[in-house]
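Just below is one structure, and these are the notes that go with it.
What follows is calculated from the coordinates using simple rules that are stated; it is not laboratory data. Values in this document were obtained by computation on a predicted structure and should not be read as measured data. Ideal geometry is used to build each Cβ from the backbone, glycine not excepted, and the neighbour counts take in all protein chains shown.
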Amino acid sequence: MSHGTEVEAGPAVELTGGLLHDWQRRNRAATIPHAIAELRKAGNLENLRRLTDPSVGPYRGRYPFLDTDLYKTLEGLAYEVGREDAPPGAREFFDEVVVLLEQAQAEDGYLNSYFQDPDQPKQPWSDLGWGHELYNLGHLIQAAVAAHRRLSDGRLLTIARRFADLVVRRYGEHGEEAVDGHPEVEMALVELYRETGDADYLTQARLFVDRRGHGKLEHTIFPGEYFQDHVPFRELPSVTGHAVRMAYLAAGAADVHLETGDPTLLAALERLWDDMVATKLYLTGGLGSRHSDEAIGDRYELPSERAYAETCAAIATMQWAWRMFRATGGAKYLDVYETVLYNAYAVGLSADGTAFFYDNPLQRRPDHEQRSGMEDGGELLRRAWFGCPCCPPNIIRWMSELQDHVALHRDNTLYVGIYTDARITTEDLTVKVTTNYPWDGEITLTIEKAPPAERTIALRIPGWAENPTLTTPAGFTDGWATVRRTFVPGDVVRLTLPMAPRAHGSHPYLDATRGAIAVARGPLVYCVEQQDADAPVDDLLVSPAAVAKATTRQHDDHVVLDLTAGVAPAPPPELYPVITEQGAETAIREVPVTLVPYFLWGNRQALAMRVWLRTERDN
């Protein structure tokens, strides 16, 4: 949630229709009620309740950060409980949790149901590497700020400030030089500074960023790289370690830069971002290739079937992207944001809004068994909940806040970065956006209110868009089309972004997909599920020419692609046959194939799926 500075404010954005609007309605109607029921069933509320009433039973769950699942849900609810179509039971749940937090908080401000548990042998602050106490505080702060801004409800803010003040006393400029094993509190503290004006919180955020990598954290189980704590942040050679931690840390550092103007932070952030996009990000925008430590992996280490690409990492990447856009105005950051939004993030939730992926592979083999969330057993595809359920409530809060990441107003320029049906309002300008994006690239802006003075509207031109057209004179620079004039109510600006299906290859160093083809259209990556092909998906052959000839078709509420694919000959029986030449394969027959948006895969029977397809020789 961006907050204003001297040159940046708002704008107010209301989603009025389209896919993002539909996702928010599903969030209210299905995902939030489902999450509330699961949180109750899992015992998250009882973990707080037993601090004042031990008769409710022992601590439920194995992790010390389960309070954050409540905080993330509360953050989303802060956007929803005041609506006419608020989720059923949401207001009651919100108030119940707030009262429990007020009752559970210690006199000195400390709050963590795991470490405050009377049967817990570990003491508060005794295990900063894995205790997640500051990570907990971060999510509490973000929920508190959302409630204060959206509901004018200061109860959570009072709780959060008491805890934050304790942290400032304990770990501030004159306190112990320590950091948390899981970054997150950094961006929350900056947001708390923006909300309260208390500079101690900004200072604390800066201290946590600056201390990392200086031996302030005890490394257990995994080495310092896992925690982004092996070298100082500004010296990191590449994004590394646990993917969610890395992106949260970068987002927090970006927030510190936004408020302090520290050029050394921005230089590091730009370098890390560019390296990530060039060498470590999946086509879907997913981040993280290793299951063992939920880590990013080496450059070009991007296996499809074992992509971890945790849903929380997708959200963290979007948070980082938005802050980089705010810091630089760069359209390239919103290009990545959009890719993540419609692919790596959206795929984490089922079409009905009640089941979740924890990890998000780009391929499912016919015999694969889904074992997400570091647990044994479970569903073959998405699951209703997890023992470590960090992703579901994270999805909820981000879904509730989608409108906060559509546009930016700065120096009398309205930047429209994400296209969706919306009404965007600044102090003196109101623009209605009408579009069926991402299913087609026609975007219409209608001016509803304007001042008698020149204003600029900047429209993002996505990096994938070739030959965009605008119905009014505009300047095209660095990914933006800018229209400057004195607008009057009724003025219309139309942008057309052609959306031809396109074939993507991969870098030759990327061994896992070298020579393969993936299909995309607009911001959407597509995939083939076995249900939509008359030959095994592992045997399908696709050429760039076949992708260019693909046709679009409306199916239910989304657009699918139809194309003709080849079928490869039966493979040799040897795992490693001797060969004398190598090249694209020739098909023995052709079959019609339908490709669906990647974010919709896994909503039917658990069969094979591929994003990257074998390559056929063009005739």
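General observations
- Low-density loop cleavage sites - GluC sites (Glu not before Pro) in the stretch 93-181, where at most 15 other Cβ are within 10 Å (DSSP): Glu107, Glu173, Glu176, Glu177
- Label assignment, Rg and Dmax of the Cα atoms in Å derived from the structure, set (i) 34.2, 111; (ii) 24.5, 76; (iii) 29.0, 97: (ii)
- The stretch 514-609: GluC sites (Glu not before Pro) in DSSP loop, at most 16 other beta carbons within 10 Å: Glu574, Glu581
- Dimensions in Å of the stretch 224-348 - Rg and Dmax from alpha carbons: 13.3, 42
- The stretch 580-619 and the stretch 458-532 have Cα centres lying 23 Å from one another.
- All-pairs Cα distance distribution in the stretch 502-615, expressed in whole percent, bin size 10 Å: 13, 46, 32, 8, 1
- Phi-based couplings in Hz for the stretch 564-580 (Karplus 6.51, -1.76, 1.60; Gly and Pro marked x): 9, 10, x, 10, 6, x, 4, x, x, x, 6, 6, 9, x, 6, 10, 10
- In order along the stretch 325-341, the phi-based Karplus estimate (6.51 cos²θ - 1.76 cosθ + 1.60, θ = phi - 60°) of 3J(HN,Hα) comes to 4, 4, 6, 10, x, x, 5, 4, 5, 6, 4, 5, 3, 5, 4, 4, 3 Hz; Gly and Pro are listed as x.
- Contact order relative to length of the chain, as percent, for alpha carbon pairs under 8 angstrom and 6 or more apart: 12 percent
- Cβ-defined net charge surrounding Arg589, 11 Å radius [Lys, Arg +1; Asp, Glu -1]: -3
- A Stokes-Einstein calculation at 37 °C with viscosity 0.692 mPa s, built on the Kirkwood radius of the stretch 340-442 over Cα pairs, returns a diffusion coefficient of 200 µm²/s.
- Mean-position separation - Cα centroids, the stretch 205-260 and the stretch 7-74, in angstrom: 27 Å
- Lys, Arg +1 and Asp, Glu -1 on Cβ, resulting dipole of the chain about Cα centre, debye, nearest 20: 860 debye
- Cβ crowding within 10 Å, taken as a proxy for footprinting-reagent exposure, orders Leu207, Leu48 from fewest neighbours to most as Leu207, Leu48.
- Helical runs assigned H by DSSP (4 residues or longer) give the chain a calculated mean residue ellipticity at 222 nm of -10000 deg cm²/dmol, each run adding -39500 (n - 2.57) before division by the residue total.
- Residues Thr317, Thr446, Thr52, Thr311 in ascending order of nearby Cβ atoms (within 10 Å, fewest first): Thr52, Thr446, Thr311, Thr317.
- Lys pairs, the chain - Cα-Cα below 23 angstrom, 8 or more residues apart or on other chains: 4
- Applying both filters, DSSP loop and at most 14 other Cβ atoms within 10 Å, to the trypsin sites (Lys or Arg not before Pro) of the stretch 480-527 gives Arg514.
- In order along the stretch 231-247, the phi-based Karplus estimate (6.51 cos²θ - 1.76 cosθ + 1.60, θ = phi - 60°) of 3J(HN,Hα) comes to 9, x, 3, 5, 9, 4, x, 6, 4, 7, x, 4, 5, 5, 4, 4, 5 Hz; Gly and Pro are listed as x.
- As a length-normalised measure over Cα pairs under 8 Å and 6 or more apart, the relative contact order of the stretch 241-295 settles at 46 percent.
- For Cys527, residues with placed amide H under 5 Å, excluding near neighbours: Val596, Tyr598
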